[in-house]
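Let me begin by presenting the structure, written as structure tokens, before commenting on it.
Taken together, the values in this text are just the output of simple stated rules run on the coordinates, not laboratory data. Because the structure is a prediction, the values reported are computed rather than measured.
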Amino acid sequence: MQPPRIWFWTLLGACGSLFAHAQPAIFHGADLKLGQQLIDDNRCVECHASKVPGDGSAVYKPKGRINTPGLLRGMVERCNTELNLGFFPEEVDAVAAVLNRDHYKFK
């Protein structure tokens, strides 16, 4: 017995939304809601704004510095270590995945 057409279109729509928000494999399964909460709670944007001119967005995509998902995750881990934030590895992944989604857009 074939499934009703509605199931086909529902499944197709779900797959399409997955591809629309595709993340690199390194961030697969990352908790984006947690990542955003950690960014907000730790005032990452305010810290970055204090280090670069303007609103702090210039800290993202510095020329030649962060050009792979692994380097992005490494920079988040560097902040974690230097600022003694105490993030667990899955939290570092979550923050890096949010930064990728919002700024870097690595596939």
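Largest first, the extents of the alpha carbon coordinates of region 35-107 on the three principal axes equal 28, 28, 20 Å. Phi angles across region 97-105 convert, under the Karplus curve 6.51 cos²θ - 1.76 cosθ + 1.60 with θ = phi - 60°, into 3J(HN,Hα) values of 5, 5, 4, 5, 4, 8, 10, 8, 6 Hz, Gly and Pro given as x.
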